Amino acid sequence: MQDIMFYMFAALTIASAGVMVFSRSVIYSAVGLLFTFFGVAGIYVLLAADFVAVAQVMIYVGGILVLLLFGVMLSQRVTGVNMRTETLQTVPAAIVAVGVLFILFRVISKTEWLVKAKTTFEPTTAKLGTLLMTDYLIPFEIVSVLLLGALIGAAFIARKG
Amino acid sequence: MPVLSANHAVINALSILPTFSETLTNVLFMVLGAVIITGLAALLALVSVYLERKVSAHMQDRLGPMEVNTEIPILKNIGHGWAQTLADAFKLLLKEDIVPAAADKKLHLLAPFIVFAATLAAFAVLPFGRNLIPSDLNVGVFYLIAISSFVVVGIILAGWASNNKWSLLGAMRSAAQIVSFEIPASVSVLVVIMAVGSLNLGEIVEFQEGGIHRWLIWRFFPFNLLAFFIFFVASLAELNRAPFDLPEAESEIIAGFHTEYSGMKFAMFFLAEYANMFLVGVIISTLFLGGWSSPFGSFLNSAPFQVFWVFVKSFAIIFVHMWLRWTLPRVRVDQLMYTSWKVLTPFAFVSMLGVGLWMILIQ
Amino acid sequence: MITSAILILLLPLVAFIIQIFVGKRLPRKGDWVSTGAMFAALALSVGIFIDAVAQYEPNNVLATATWDWINFGPVHVTFGFLIDNLTAFMLVVVTLVSSLVHLYSIGYMHGDPRYNRYFAYLSLFSFSMLGLVLVDNLFGIYIFWELVGLSSYLLIGFWFEKDSAANASKKAFITNRVGDVGMFAGIMILFSITGTFSFNEVFAAVADGHVGGTLLTVAGILLFFGAIGKSAQFPLHVWLPDAMEGPTPVSALIHAATMVAAGVYMVGRTFVLYTPDALLFIAYIGTITAFIAATIAIVQMDIKRVLAYSTISQLGYMMVGLGTGGYTAGLFHLTTHAFFKALLFLGSGSVIHAVHTQEMDEMGGLRKKMPITFWTFLIATLSISGVFPLSGFWSKDAILASALGFGMTHPAHMPIFVVLLLSAGVTAFYMFRIVFLTFTGEPRDKKKYDHAHESPLTMTIPLVVLAVLSVGTIWWGWVEHMLVKPELASYGSHVASAVEHAAEEHGVAHSAHTIAMFSSVVVATLGILLSAVVYFWRKISADAWAEKLKPIHTFLWNKYYFDELYAATIIRVTLFKSRLFAAFDLKIIDGIVNGTGRLTAAFSRLQGSIDLRGVDGAVNFVARFVGYLGSQLRGLQTGNIQAYIMMALFAVVLLFVFQQF
Amino acid sequence: MSVGLNHYLFLAAVLFVLGLYAVITKKNAVTVLMGIELILNAANINFVAFSRYTDTDMDGQVFAIFVIVTAAAAAAVALAIVLNLYERLKSINLDEADSLSG
């Protein structure tokens, strides 16, 4: 069951990522991305990370994807289905990409990971909250400040035009 | 979700055949659950549409649908045009599906499915009774907020795929509106989460059991009451309902993002909208009004009554939604944004701070 | 009790917030908010004080409260309040003077365009000062220390349209910073050893001997640097006279009664940290300060400046008191000084309010016009001069006794007492000079004299209240019992110190007390008489003597040339350094850059000439090859970031391939 | 063979490479951003997978959350820059933003 679910979500993720990458229309890319995010969220659920999964859906779909769509709509001729993106240096890029993929696969399969799977799963939210407020307090605060800065900065840059 | 609770090690240990049969049962259960939820959502949406017609009619001093009926003996006597929405639904399903020539056909088809699927997915965690939660997630509330963001994407896609200025404007308005109002809504939900200390919807309801005085709306007075009002107003806006129905403002942009939709696809938007109304009703009643718990403590609090209370509370909320729609005029765009950013958001934070300080001071 | 402590702290803060945001729109511009908050705080403080008296015990800790503040890894910083007898004492002093000054300011600042902001700043100051008194750790003290500095800066520069006020505020702030750096270093030394900021834990560490020796001496002296800055001790005293550019009630509250005393309070609070060597250092700094300031005060003509120098001088006394082991004496003088010096400043403010000038040359004969101001001012003057039985007599006498006792045990340090005694006489002299020049004799400026009038009731009531507090014959007895010196840690034999604490030896202390009392009365009387001879009966002409002692007079008139000294040394050196760096940047760095540019240009020319020769047909092939290579490399520099990414990744792949095969 | 750590790592590798390809080849700035999001997602899968399959408590999930949040900030700033670029060049094609060309 678990395995079947994994293959389903993996297939969904990779297929939609493929749509995102290889489609010529920006909007189609965005739709592809939507399903990629969804697939990745499914993968998180399989990895027993429910909070991260929901955070993924909320922030990526509800935040980043909507932002991207707005970006597309505000920076192109809005009407007219013809919303194409051209590509450049496809052949060398493909060679490099395959090369990197080859490296990654080789590294992954050759490395002896110290696998020690957990067999019991407890709710993650409370534990995550505790970690964020204790061991990761400083990163947490820094990220908060970063977010605030990004918010103000983005508003400022976009407004100045 | 069964997936979550499935034990990896145990499954590995089983031989192939039982694994297969278990998989099959699991799949069957999931399919069955999905069918029930879909049916329920559709049914509730139909009821809500019917209600809307009757409520609006009575508010405007007329009768509304009265004629449509069946020949089936018992149902015949109900009258009051009870079959009107059913007939309309069939009409919509049978209508020709018109797609504009310049539209992007694939996305035009995909958009209503995204909206409808997101709405249905949200139904999966609604608590209808102590043991009647289709999927009792640990992160239930968070899941609800997250899944509802799919709707925005669907709406934007619908608006863009129609290749129509009004559609696109409506979609952009709608998206901007939903995204803006998500902030006060989420913060006021946070107030509840802080008070209860759990994201689990069932636990939130259990926290409020034991009578009307234990409902969260009265706790931390007046901060939770404030949060309730903020959430209520924000939910109106997120549903694109009057007085915040700018995305569908007929006099300005025809019908907004679903201008170019007809037939079955339109029906899906339509159903999703009313299913969402019910969804919001359940969410509000769960978060603030005690959910399935009876207002009289343990009196009338058995399983069937729990479902009853959820429905009563939700339809009460829906009735207020309708009441507002047929009473208030539409606001302007700037007023809308003002409401969200300069009124609701600051007050939502005030409410959160208030509850937080309250909890610290009591400890 | 902790609740009322928090309330005491919060009241002025809330008043500040209200005043700064909506003060302008409130009726009467909201002066009643700040004043009311201060009086409420006063009531609460008195409550705490009564508790302290009721549960009297030496060094009684009435209440503590601690919260976790910063907590990561091994670093664990707490924040809290500590209320003991000293705190209770200081709370009453601060809130009392502060509320009287608030009341006084209603009359004094009437009609000022930034009336509400003035009260906001006063509230901010009160908040900071009370926080300074209440906190239970060094870090908290440092924070509030800076906050008092900030509010002092804001209030000195309150009339920032005047260049002199703006400059004075900057001078005060920067000078204080110099001291604060030392203080911060001192705190950090203690923190790095003990790992805590809390007084109790640091004191315990000292008592256990975890900290000691030279390091503790250094830490103590560095801590004291903060007090040098804030309490205007030599050599950082230069800011205080200039700070008189602020409104006079501010001078009374901040630059006479409370903030400048914060340094003394801090030393008193951390008293057990100071090794004998550090205490000796404190005592000598105090002595030098007391003497220098007193002598400068003789010749100044600006009434507020004289008072400012007198403040510096009296702060020096307090430091000597602490430094010679007279813990009680120093803190007692802090209290009495707070009352009579606030009274002096408020009295001078009343005079300035009436005649609109600060120059004593233009006053005279005001006694008849302003009877209340005169009599209260006279009481304060008698008190500061150390006339029996006013409060100043008791406290100053205690300090002199402590210094004498110290000198008797260690004859090498006898000069401390002698100089202090001399300064006491000088103090009496210049204080009565003010009284005679201002209130007696013929009016020197007729127009201003006719215009003068007694101040309104809100201004005179504080004067009377403070005058009553300055009388205080009964003071000494129970103050001695309230503020008992804390147990000093045994510093271990490895501390090389010749200094022992004299005041602990009862026999010496008693005889020292008698001698000090008599000599101080004699010296004060001499000072008053001399002053009367010169300025009241005018038997001796001050101008003639100034002419005769011209070099000394000029030296004093220019305040020992401290400002000029600093301008010539520190400021000059800083500017010189900046110019040096600028020159370095301009000449050397730019030179390198230009040189590189020129080199590049030369190189290009060389290449050009090679190219040219190639065209000429000499090395045709090479030229074409170089040109080809150049254009290829140029192609790589597309400015397109994606191309760069790809090249980088390509390199990664290549690297991996080479490494693997 | 039942699904284990390596499966997740392979999945992440494929996603990573797809994102990389999008970043390198796409002219449209928004699409490039999408590619970056893919890369971040791939990294996140690794984080969560390691937190699940190795003895590291939940740190991987915490990092995943940090990555998600930082990605949101990055996207906001990047889109603001894209809008600015559009104002200046009337295009968001990255190959036209080559003022640094040699």
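The values are calculated or read from the model by the stated rules, or taken from the named source; none is laboratory data. Predicted model only: the values in this text are computed from it and were never measured. Here the Cβ is made from the backbone with ideal geometry for all residues, glycine too, and neighbour counts use every protein chain on show.
Summary of values
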| read-out | value |
| --- | --- |
| Test set (1) farther than 21 Å from B:VAL125 by Cα; (2) touching a helix residue (DSSP H, G or I) at 6+ places or on another chain (Cβ under 8 Å) - B:PHE221 fails condition number | (2) |
| Residue in the stretch B:85-110 that is nearest to B:GLY154 (Cα to Cα), counting only those that are in contact with a Lys or Arg (Cβ under 8 Å, 6 or more places away or on another chain) and among the hydrophobic types (A, V, I, L, M, F, W, C) | B:LEU109 |
| Matching helices (runs of 4 or more DSSP H) fully within the stretch C:247-303 where at least 3 residues are touching a Leu at 6+ places or on another chain (Cβ under 7 Å), among the β-branched types (Val, Ile, Thr) and closer than 17 Å to C:ALA338 by Cα | C:259-269 |
| Helices (runs of 4 or more DSSP H) (entirely within the stretch A:1-98) containing at least 3 residues that are more than 30 Å from B:ILE183 (Cβ to Cβ), at the interface with chain B (Cβ under 8 Å from one of its Cβ atoms) and at pLDDT below 85 | A:2-22 |
| Residue match in the stretch B:212-222 (condition: within 19 Å of the chain's Cα centre (by Cα) and surrounded by fewer than 22 Cβ atoms within 10 Å (Cβ to Cβ)) | no |
| Restricting the stretch C:1-59 to residues that are in a helix (DSSP H, G or I) and of a type in the set (D, E, K, R), the residue that is nearest to C:THR458 (Cα to Cα) | C:ASP31 |
| Residue identified as in a helix (DSSP H, G or I) and at pLDDT below 85 among B:LEU353, B:LEU361, B:LEU344 | B:LEU361 |
| Every residue from the stretch A:120-150 that is at the interface with chain D (Cβ under 7 Å from one of its Cβ atoms) and under 19 Å from D:LEU83 (Cβ atoms) | A:ALA150 |
| Criterion violated by C:ALA329 - all others in (1) surrounded by 24 or more Cβ atoms within 10 Å (Cβ to Cβ); (2) at pLDDT 85 or above satisfied | (2) |
| Given (1) in a helix (DSSP H, G or I); (2) within 15 Å of C:SER198 (Cβ to Cβ), number of the condition C:ASP68 does not satisfy | (1) |
| Which listed residue is modelled with pLDDT under 75, over 60 Å from the mean Cα position of the chain (by Cα), in a helix (DSSP H, G or I) and of a type outside the set (S, T, N, Q), from C:LEU629, C:LEU612, C:LEU606 | C:LEU612 |
| Members of the stretch B:329-341 that are in a helix (DSSP H, G or I) and either in contact (Cβ under 8 Å) with a residue 24 or more places away in the chain or crowded, with 16+ Cβ neighbours inside 10 Å (or both) | B:VAL333, B:LEU336, B:MET337, B:THR339, B:SER340, B:TRP341 |
| Enumeration of residues in the stretch C:11-21 that are within 11 Å of C:PHE127 (Cβ to Cβ) and over 23 Å from the mean Cα position of the chain (by Cα) | C:LEU11, C:VAL14, C:ALA15, C:ILE17 |
| Count of the stretch C:184-239 residues which are touching a His at 6+ places or on another chain (Cβ under 9 Å) and surrounded by 23 or more Cβ atoms within 10 Å (Cβ to Cβ) | 3 |
| Members of the stretch C:24-38 found to be within 15 Å of C:PHE127 (Cβ to Cβ) and touching a residue at least 60 places away in the same chain (Cβ under 8 Å), listed by number | C:VAL33, C:SER34, C:THR35, C:ALA37, C:MET38 |
| Residue match in the stretch C:212-220 (condition: modelled with pLDDT of 85 or more, closer than 22 Å to C:LEU322 by Cα, outside any helix (DSSP H, G or I) and in contact with a helix residue (DSSP H, G or I) (Cβ under 6 Å, 6 or more places away or on another chain)) | no |
| Residue identified as free of Cβ contacts under 8 Å to residues at least 60 places away in the same chain and within 14 Å of another protein chain (Cβ to nearest Cβ) among B:ALA101, B:ALA124, B:ALA83, B:ALA87 | B:ALA101 |
| Hits in the stretch B:149-165 - residues which are more than 8 Å from every other protein chain (Cβ to nearest Cβ), closer than 13 Å to A:VAL66 by Cα and not aliphatic (A, V, I, L, M) | B:GLY154 |
| Near pairs, Cβ below 8 angstrom, 6+ apart or cross-chain, from the stretch D:76-89 (within 7 Å of chain A (Cβ to nearest Cβ)) to any residue that is surrounded by fewer than 17 Cβ atoms within 10 Å (Cβ to Cβ) and not in a helix (DSSP H, G or I) | D:LEU83/A:GLY161; D:ASN84/A:GLY161; D:GLU87/A:GLY161 |
| Selected residue (only one of C:VAL306, C:VAL387 is touching a residue at least 24 places away in the same chain (Cβ under 8 Å) and buried (at least 24 other Cβ atoms within 10 Å of the Cβ)) | C:VAL306 |
| Inter-residue pairs, beta-carbon under 6 Å, first in a loop (DSSP other than H, G, I, E, B) and in the stretch C:322-345, second polar (S, T, N, Q), 6+ apart | C:THR324/C:SER402; C:GLY326/C:SER402 |
| Residue count for the stretch D:17-48, restricted to those that are closer than 26 Å to A:LEU128 by Cα and either facing chain A (nearest Cβ under 8 Å) or touching a strand residue (DSSP E or B) at 6+ places or on another chain (Cβ under 7 Å) (or both) | 6 |
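The rows are residues; the columns are (1) touching a helix residue (DSSP H, G or I) at 6+ places or on another chain (Cβ under 7 Å); (2) at pLDDT below 85; (3) more than 24 Å from C:LEU134 (Cα to Cα).
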residue: C:SER152; (1), (2), (3): yes, no, no
residue: C:LEU155; (1), (2), (3): yes, no, no
residue: C:LYS170; (1), (2), (3): no, no, yes
residue: C:ILE174; (1), (2), (3): no, no, yes
residue: C:ASP180; (1), (2), (3): yes, no, no
residue: C:LEU190; (1), (2), (3): yes, no, no
residue: C:GLU201; (1), (2), (3): yes, yes, no
residue: C:HIS210; (1), (2), (3): yes, yes, yes
residue: C:ALA232; (1), (2), (3): yes, no, no
